Amino acid sequence: MFKATLLSFIFLGAIFVSAQQPPQISFDSVSDFLKLPADLYFGEVAGVAVNSKGHIFVFSRGNTTGPAYAAGAAQLLEFDADGKYLREIGHNLYAWSFAHSVKIDKQDNIWVADKGSDMVIKFTAEGRVAMVLGRKQEASDEDTAPLKHVKPPLPPVDGVFRQVTDIAWDSAGNAYISDGYVNSRVAKVDKDGNWTKSWGEPGNGPGQFITPHSIAVDAEDHVYVADRGNRRIQVFDRDGNFLRQIAIDVSSDPNAKPAIGNKPQLPITTGNQLMAPGAPWAICITPGPHQVLYAADAYLGRIYKLSLDGKVLGVLGESGKQLKQFGWVHEIACPSENVLYVGELLNWRVQKLVLHPDR
């Protein structure tokens with residue numbers, strides 16, 4: 001079954017990166033870069049983004065309120081280019097439930113995806129709510145409860161998300177939203193907020209997903225979807241037509257330890273492959289004119305630098321708790337090819353990485 005699927009992807013133009021050992025990229029991590037006030041703390045850092053001024057936005061599962069299970073856990077904080085704390089955006093916002101990602105568009109608007117409330121919120125650069133996509137369940141409804149991951153899943157509904165994960169935009173301002181843990185699809189919304197289409201369903205064929213977890217768009221308006229559970233990045237045009245896929249297959253230390261939990265039984269080739277080496281938890285494409293793709297996995301704690309056609313150009317990092325180690329990278333911001341901001345769930349932090357590819 002897997003071999004047949006693999007052959008079908010090759011036929012459709014998929015790119016499989018053969019097992020190899022690309023160069024290790026030398027890099028530094030800037031110690032204590034983001035400076036929080038004494039009474040403010042990060043929780044799990046689910047999202048990190050950078051605007052045109054170099055300001056850093058962190059979407060953290062901090063400011064937790066409520067019971068131990070199903071607590072509200074989302075807080076959006078802004079820092080200047082030197083890491084100085086500036087402000088909190090959207091304090092006690094109705095959409096805050098369980099932080100997942102933050103992105104900045106070309107106009108410096110701030111967008112967040114909240115997995116718990118099933119909502120995507122657009123803020124102006126000043127921090128005011130400008131657009132609301134999706135709707136969370138009503139607190140007054142007797143049926144309100146965490147979403148069930150039933151099989152087969154309930155059919156998706158236009159305009160409604162189920163555990164939404166991320167956002168990206170094309171050159172015309174259309175938003176592409178990865179949706180998500182339940183719906184397994186990509187939604188397309190125009191610049192005015194009108195729902196135009198969606199594509200995808202659960203599965204491992206072309207245009208099917210197991211947890212589309214992160215999303216990015218290149219300068220040619222190709223849409224890259226981190227299909228985490230299938231251990232691949234799928235690439236589409238603006239209308240959702242499948243173009244190719246990238247599967248990262250890089251040799252690794254067989255004795256490598258995970259950041260938490262038991263070492264997965266390898267190889268993982270079927271089912272949900274979220275802990276397989278190379279499974280993309282986060283992706284980011286650098287600005288032009290020469291664009292590269294960064295992707296991060298969880299078990300090995302590695303960040304991969306790739307060309308847009310899928311060639312692995314270098315690797316950095318490993319799992320752990322120290323600087324230059326990573327605990328479940330959940331989002332990457334890449335304002336340039338050699339400066340990355342990395343948000344980690346397990347280590348409750350953002351690392352600023354400065355890469356030295358020529359060393």
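Just a few scattered comments:
- Working from label points 7 Å from Cα in the Cα-to-Cβ sense, the V132 to A172 distance is 2.8 nm.
- Cα Rg over Rh - region 88-240, Kirkwood: 0.95
- Taking a ≥ b ≥ c as the square roots of the eigenvalues of the alpha carbon gyration tensor, region 252-312 is prolate, as a/c is not under 1.5 and a/b beats b/c.
- DSSP loop GluC sites (Glu not before Pro) with at most 10 other Cβ within 10 Å excluded, longest remaining stretch of the chain: 143-359
- Heavy-atom surface of the chain, accessible at 1.4 Å and reported per residue (Å²): 45
- Residues whose amide H lies under 5 Å from that of M131, counting only those 5 or more places away or on a different chain, are K122; hydrogens are built 1.01 Å from N in the peptide plane.
- What a 1.4 Å probe finds exposed on region 203-359 is 49% carbon and sulfur by accessible area, rounded to a whole percent.
- The mean sequence separation of alpha-carbon pairs under 8 Å and at least six residues apart, normalised by the residue count of the chain, gives a relative contact order of 17 percent.
- FRET efficiency for the pair Y41 and D80, taken as 1/(1 + (r/R0)^6) with r the Cβ-Cβ distance and R0 = 22 Å, rounds to 0.70.
- Sparsely packed loop sites in region 27-98 (the trypsin sites (Lys or Arg not before Pro) outside DSSP H, G, I, E and B with at most 16 other Cβ atoms within 10 Å) comprise K53.
- When the Cα convex hull of region 84-167 is projected onto planes of every orientation, the mean area is 6.9 nm².
- Ellipsoid semi-axes in whole angstrom, largest first, where each is sqrt(5λ) of the Cα gyration tensor of the chain: 28, 25, 20
- Annotation: lysines with alpha-carbon distance below 17 angstrom to K311 (same-chain offsets under eight excluded): none found.
- Which listed pairs, of K257/K352; K53/K352; K136/K324; K188/K352, have C-alpha distances above 26 Å, in listed order: K136/K324; K188/K352
- As a length-normalised measure over Cα pairs under 8 Å and 6 or more apart, the relative contact order of region 94-167 settles at 32 percent.
- Restricting the calculation to Cα atoms, every distinct pair contributes to the Kirkwood radius of region 251-359, found to be 14.2 Å.
- Region 239-295: relative contact order as a whole-number percent, Cα under 8 Å and 6+ apart: 24
- When the trypsin sites (Lys or Arg not before Pro) in region 132-215 are filtered for DSSP coil states and for at most 11 other beta-carbon atoms within 10 Å of their beta-carbon, the remaining sites are K148.
- Fraction of accessible area attributable to carbon and sulfur, region 83-148 (%, probe 1.4 Å): 49
- Extent of region 203-291 along its three principal axes (Cα atoms, max minus min coordinate, largest first): 40, 30, 20 Å.
- Aspartates and glutamates with Cα under 16 Å of K151, excluding same-chain neighbours fewer than 8 positions away: E201
The values are calculated or read from the model by the stated rules, or taken from the named source; none is laboratory data. Values in this document were obtained by computation on a predicted structure and should not be read as measured data. For neighbour counting, all protein chains shown are included, and Cβ atoms are generated from backbone atoms with ideal geometry for every residue, glycine included. Side chains included, ligands, DNA and RNA excluded: accessible areas come from the protein's heavy atoms. Shrake-Rupley method; radii C 1.70, N 1.55, O 1.52, S 1.80 Å.
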